[in-house]
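The values are calculated or read from the model by the stated rules, or taken from the named source; none is laboratory data. Only a predicted model underlies this, so the values are computations on that prediction, with no experimental measurement involved. FYI the Cβ positions are ideal-geometry reconstructions off the backbone, even for glycines, and counts take in every protein chain you see. For accessibility, only protein heavy atoms count, side chains too; no ligands or nucleic acids. Shrake-Rupley method; radii C 1.70, N 1.55, O 1.52, S 1.80 Å.
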Amino acid sequence: MNGPAAEAIRLTDVRFRYRGVQLRALNGVSLTVGQGEFLGIVGPSGAGKSTLALVMSGQIPAFVEGPFDGEALLFGRTTRGMRSADLAETAGMVYQDPEAQLYGLTVEEELVLGLENRCLPPDEIRRRVEWVLAVTGLHEVLEKSPYALSGGQKQRVVIAGVLALRPRILVLDEPTSALDPRGKTALYELLGNLSAEGVTVVIVEHDIERLVRHADRVCWLEAGRIAALGTPEEVFGRPAESGTGLLRMPQVAQLTHRLGLPAPWPITVDQAEAVLRPMLEATPR
Ligand SMILES: Nc1ncnc2c1ncn2[C@@H]1O[C@H](COP(=O)(O)OP(=O)(O)OP(=O)(O)O)[C@@H](O)[C@H]1O
Ligand SMILES: [Mg+2]
């Protein structure tokens with residue numbers, strides 16, 4: 001791509017409180033995400049990760065009640081009052097619980113429903129269904145009920161249904177919690193390909209080890225605010241300002257820190273090997 005990438009998401013001082021709750025779930029969040037960028041959101045339970053994901057996909061303020069201040073722009077357009085058809089084309093959301101997002105009696109129906117609701121012509125619907133089946137590998141379960149599938153397969157059906165709408169921004173809230181390691185690898189490969197094609201990918205993820213190998217940048221949330229934002233190396237490769245920091249570090253960073261090695265710490269096994277091997281080899285046995 002030539003020149004700077006377009007801006008996909010711009011949040012300016014976003015504050016949000018769920019209706020009837022005193023504490024703000026988001027308390028002044030500002031950041032921009034470029035088109036095609038792969039952004040990871042991390043942080044302790046209750047930090048506001050899911051809420052931020054809902055803001056980035058426009059679900060807040062459109063479909064969740066509560067006072068919303070600040071501005072959320074998706075490709076330059078405010079999400080306030082955005083029509084749901086426009087929103088569906090702009091940003092897709094995969095929720096933490098796949099069951100909550102399944103409607104169809106069969107997997108095929110699940111994939112087709114959203115497209116029919118958008119009044120797409122039948123041949124376009126067929127093309128898109130073929131495409132999502134190819135990228136998610138769900139051909140063999142097409143006739144099955146989504147409810148009869150394993151957790152990992154359900155998750156893939158939900159992702160396929162969202163992808164079929166071809167959103168320019170894809171937001172996923174802990175989509176790998178129900179997946180086995182092979183399923184996780186396949187999902188990250190798919191997300192990497194989508195991001196390379198220009199889809200902006202935002203993922204809430206607890207598996208830091210996996211995230212740091214794929215994300216362009218990481219946003220670390222604590223108590224509704226951004227505690228750190230930068231490349232995985234910038235966020236995890238040096239001491240965190242906040243106290244809970246080390247809990248969320250990649251294990252190789254924790255290890256090198258404990259061994260008393262100076263930052264920047266390695267954040268992947270490959271980087272750790274590059275740091276530790278020369279030291280071990282220099283040590284007389
Ligand atoms: N639907 C809701 N109604 C009221 N309060 C909510 C709702 N959803 C979240 N909250 C509150 O908002 C705050 C942020 O929650 P959020 O779900 O965004 O955190 P999270 O970082 O995703 O946590 P987790 O890691 O447990 O998923 C928490 O204090 C939570 O209790
Ligand atoms: Mg959450």
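Listed here are the residues, each with its yes/no results for (1) surrounded by fewer than 15 Cβ atoms within 10 Å (Cβ to Cβ); (2) in contact (Cβ under 8 Å) with a residue 40 or more places away in the chain; (3) within 16 Å of ligand 2 (Cβ to nearest atom); (4) under 19 Å from G198 (Cβ atoms).
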position	(1), (2), (3), (4)
G43	no, yes, yes, no
S50	no, yes, yes, no
I60	no, yes, yes, no
P67	yes, yes, no, no
A72	no, yes, no, no
A85	yes, no, no, no
A91	no, yes, no, yes
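Which residue out of E233, E209 is open to solvent by 50 Å² or more (accessible area, probe 1.4 Å), closer than 20 Å to L179 by Cβ, in the same structural domain as L163 (by TED's automatic domain parsing) and of a type in the set (D, E)?
Only one candidate qualifies: E209.
Would you check if T176 is β-branched (V, I, T) and over 24 Å from G152 (Cβ atoms)?
Judged against the criteria, T176 is not a match.
Listed residues T79, T136; which is free of Cβ contacts under 8 Å to residues at least 60 places away in the same chain, in the same structural domain as E197 (by TED's automatic domain parsing) and under 23 Å from H206 (Cβ atoms)?
T136
Matching residues to (1) hydrophobic (A, V, I, L, M, F, W, C); (2) outside the structural domain of A85 (by TED's automatic domain parsing); (3) touching a Lys or Arg at 6+ places or on another chain (Cβ under 8 Å):
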residue	(1), (2), (3)
Y103	no, no, no
E108	no, no, no
V158	yes, no, no
D173	no, no, yes
G192	no, no, no
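From the set of residues in segment 114-130 that are assigned to a helix (DSSP H, G or I) and touching a residue at least 12 places away in the same chain (Cβ under 8 Å), which is most open to solvent (accessible area, probe 1.4 Å)?
Restricting to residues being assigned to a helix (DSSP H, G or I) and touching a residue at least 12 places away in the same chain (Cβ under 8 Å), the top hit is R128.
When you scan segment 93-113, how many residues do you find that are assigned to a helix (DSSP H, G or I) and out of contact with any Asp or Glu (no Cβ under 8 Å at 6 or more places or on another chain)?
So the count comes out to 9.
Answer yes if at least one residue in segment 189-206 is small (G, A, S) and over 17 Å from the mean Cα position of the chain (by Cα), and no otherwise.
No: zero hits.
Being more than 14 Å from the chain's Cα centre (by Cα) and surrounded by 18 or more Cβ atoms within 10 Å (Cβ to Cβ) is the filter; apply it to segment 164-182 and report the residue that is nearest to R126 (Cα to Cα).
The residue in question is A164.
For R277, are the conditions met, namely being assigned to a loop (DSSP other than H, G, I, E, B) and outside the structural domain of V14 (by TED's automatic domain parsing)?
So R277 fails the test.
How many residues does segment 24-41 hold that are away from ligand 2 (no atom under 13 Å from the Cβ) and either part of a strand (DSSP E or B) or free of Cβ contacts under 8 Å to residues at least 60 places away in the same chain (or both)?
Count: 11.
I want to confirm something. Restricting to segment 131-145 and keeping residues that are more than 22 Å from the chain's Cα centre (by Cα) and loosely packed, with under 14 Cβ neighbours inside 10 Å, which single residue is farthest from D180 (Cα to Cα)?
E143
Does A148 satisfy the condition of being farther than 30 Å from L11 by Cβ, more than 16 Å from ligand 2 (Cβ to nearest atom) and open to solvent by 60 Å² or more (accessible area, probe 1.4 Å)?
The answer is yes for A148.
Can you list the strands (runs of 3 or more DSSP E) lying wholly within segment 192-264 that have 2 or more residues being at pLDDT 95 or above and in contact with an Asp or Glu (Cβ under 7 Å, 6 or more places away or on another chain)?
200-204
Given the conditions (1) touching a Leu at 6+ places or on another chain (Cβ under 8 Å); (2) assigned to a helix (DSSP H, G or I); (3) more than 16 Å from ligand 1 (Cβ to nearest atom), report the number of the one that L52 does not fulfil.
(3)
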